[in-house]
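Working notes, structure below.
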């Protein structure tokens, strides 16, 4: 994020309805069903599954949120590289999904995927790994 010649940071618009539903304590499964493109809903589901030692379920939820986030990033001008700052709240759903995907991949011994996720987090925001307690 200090490269003056690099691309501008990508700042996702977020999904206010999904975010509000989660903040109101609605079931994350219902939120994901109602707002399937909201990475934040998938991130909450993935984190809960990982906390419950349901690693494969966490992996699947995180992978879904990751792909939905990639779609959103591309629609917002991201070309597969460049900053996606963790400090921008609407970016966190995607980044949280990448973090859970990394931890789930590590747990099942999928080392190449684990490393790809770490590299992606580092490319998006060098501070993200520490914020997400990954790696």
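Taking only pairs six or more apart or across chains, which ones have beta-carbon atoms under 8 Å, a first residue in the range 107-135 that is within 16 Å of residue 46 (Cβ to Cβ), and a second residue that is at pLDDT below 95?
Short answer, once both residue conditions are applied: 121/135.
Identify, please: which residue in the range 45-55 is within 20 Å of residue 90 (Cβ to Cβ) and touching a residue at least 24 places away in the same chain (Cβ under 8 Å) and is, among those, surrounded by the fewest Cβ atoms within 10 Å (Cβ to Cβ)?
47
Restricted to the range 56-106, and to residues that are free of Cβ contacts under 8 Å to residues at least 12 places away in the same chain and within 13 Å of residue 117 (Cα to Cα), which residue is farthest from the chain's Cα centre (by Cα)?
Among residues in the range 56-106 that are free of Cβ contacts under 8 Å to residues at least 12 places away in the same chain and within 13 Å of residue 117 (Cα to Cα), the one farthest from the chain's Cα centre (by Cα) is 106.
Restricting to the range 118-131, what's the tally of residues that are crowded, with 21+ Cβ neighbours inside 10 Å and over 16 Å from residue 78 (Cα atoms)?
Number satisfying all stated conditions: 1.
The values are calculated or read from the model by the stated rules, or taken from the named source; none is laboratory data. Every value quoted in this text rests on a predicted model; they were computed, and no experiment measured them. Cβ: placed from backbone, ideal geometry, glycine included. Neighbour counts: every protein chain shown.
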